[in-house]
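Trainee: Here it is, the structure in full.
The values are calculated or read from the model by the stated rules, or taken from the named source; none is laboratory data. Just so you know, these numbers come straight off a predicted model, no measurement behind them. Every residue, glycine among them, receives a Cβ derived from its backbone with ideal geometry; neighbour counts consider all protein chains shown.
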Amino acid sequence: MKQKGESGEYLTTNPPYGYMKDPENPKKHWIVDPEAAAVVRQIFAWCMEGYGPSQIAKKLRAAKVDCPTVHWMKQGRNAPAKAPDDPHQWAPRTVSGILDKQEYLGRMVNFKTHR
């Protein structure tokens, strides 16, 4: 595992929201998921405009954007949680998690030792 991570390969089995596994090289390469990437870009844009995670989550619910779990299930991907009753139920912690991820800055994150 350590050698795999040090060689630049992803150690996670599921790419973060906004990415998907490359069909031509699913174990070693991620590609942008256009639909989810547009949502991620909008989340960052709203954050830059001064909106907080709760306000962004409300905007996403109002716009009827599928939450990540529902989006992944529609794609046939494994989702880390069961589908919510409301497919547009964005939680502020989900938005915060997206804003915290280094992967959206183009960085590979392996061997994370702190939160």
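Trainee: Mind checking which residues of segment 32-87 are loosely packed, with under 12 Cβ neighbours inside 10 Å, of a type in the set (Gly, Ala, Ser) and more than 18 Å from Lys101 (Cα to Cα)?
Mentor: Correct list: Gly50, Ala62, Ala63, Gly76, Ala81.
Trainee: Mind checking which pairs have a first residue in segment 55-75 that is over 12 Å from Ala91 (Cα atoms) and free of Cβ contacts under 8 Å to residues at least 60 places away in the same chain and a second that is surrounded by fewer than 16 Cβ atoms within 10 Å (Cβ to Cβ) and not β-branched (Val, Ile, Thr), Cβ under 6 Å, 6 or more apart or different chains?
Mentor: Qualifying pairs under 6 Å: Lys64/His88; Val70/Ala83; Val70/Pro87; Met73/Ala83.
Trainee: Identify all residues within segment 49-70 that are at pLDDT 95 or above and among the hydroxyl-bearing types (Ser, Thr, Tyr); write none if there are none.
Mentor: Result: Tyr51, Ser54.
Trainee: Criterion first (modelled with pLDDT of 95 or more, within 27 Å of Pro23 (Cβ to Cβ) and hydrophobic (A, V, I, L, M, F, W, C)) does Val109 satisfy it?
Mentor: Working: modelled with pLDDT of 95 or more: no; within 27 Å of Pro23 (Cβ to Cβ): yes; hydrophobic (A, V, I, L, M, F, W, C): yes.
Answer is no for this residue.
Trainee: Could you list all residues from segment 71-106 that are among the aromatic types (Phe, Trp, Tyr) and at pLDDT 75 or above?
Mentor: Matches in segment 71-106: Trp72, Trp90.
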